[in-house]
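Quick note: the coordinates plus some simple rules give every number you see, no bench work behind them. These numbers were taken from a predicted model, which means no experiment stands behind them. So basically every Cβ, Gly included, is an ideal-geometry build from the backbone, and we count neighbours across all protein chains shown.
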Amino acid sequence: MEYLYAPWRSGYFKESQEECIFCQISNQNLDIPNRVFYRDDKIFCVMNKYPYVPGHFLIIPHHHTDTPCDLKEDIWLHLQKFAQKGVGLLNEFGAKGINMGMNIKQVGGAGIPGHIHLHLIPRFFGDTNFFTTIGDCRAYGVDFEEIYWRIKELSLKYFVEN
């Protein structure tokens, strides 16, 4: 197997947090540096720091828990409502398909197992090929900053409370 150097991913492997990174983002007023593009009293939405494809974002409840079983029903339903709105947002962003899911606890594949979060991953024709499967690497050919501002702009349209 050939290995490709991808230093932009090194932070993911080096970061060791004593406090949950999502709780830190939830408690701080640093939305732009943390790439938070929407927040209310129940949830916040943030760009994935290590996205699979351009536009990959997370919906995260403020309540710290490792299972949806511990969320109050109104928070769970609110999260799902924004997941539905997020599909519309990503469609306008240009997605030709969308993966949506939640990895629960470490054994379930959660990268941050202590705080649940819902992934919305836009899919595009040709966004994955042998490079991902065989090369064990991803190419991210767009400016992350530009994507953040576009998603933030779309959130003003899609994430309004009704």
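Structure data summary
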{"item": "Dipole of region 20-161, positive direction: furthest Cα of Cys20, Phe93, Pro68, with charges on the beta-carbon", "result": "Phe93"}
{"item": "Cα→Cβ-extended label distance, 7 Å offset, between Leu30 and Glu146, nm", "result": "2.7"}
{"item": "Lys/Arg +1, Asp/Glu -1 at C-beta; region 20-161 dipole; positive extreme among Phe124, Gln84, Gly55", "result": "Phe124"}
{"item": "Residues whose placed amide H lies under 5 Å from that of Ile98, excluding near-sequence neighbours", "result": "Arg123"}
{"item": "Stretchable slack from Phe124 to Asn91, in nm (0.36 nm times residue separation minus alpha-carbon distance)", "result": "10.8 nm"}
{"item": "Binned Cα-Cα distance frequencies in region 20-161 - 5 Å width, integer %", "result": "2, 10, 19, 23, 21, 15, 7, 3, 0"}
{"item": "Only Lys, Arg (+1) and Asp, Glu (-1) charged, at Cβ; region 20-161 dipole about Cα centre in debye", "result": "180"}
{"item": "Selection of trypsin sites (Lys or Arg not before Pro), region 25-87, meeting DSSP coil and at most 11 other Cβ within 10 Å", "result": "Lys72"}
{"item": "Within straight-line cross-link reach of Lys157, lysines at Cα separation under 28 Å, skipping those fewer than 8 residues along the same chain", "result": "Lys42, Lys49, Lys72, Lys81, Lys85, Lys96"}
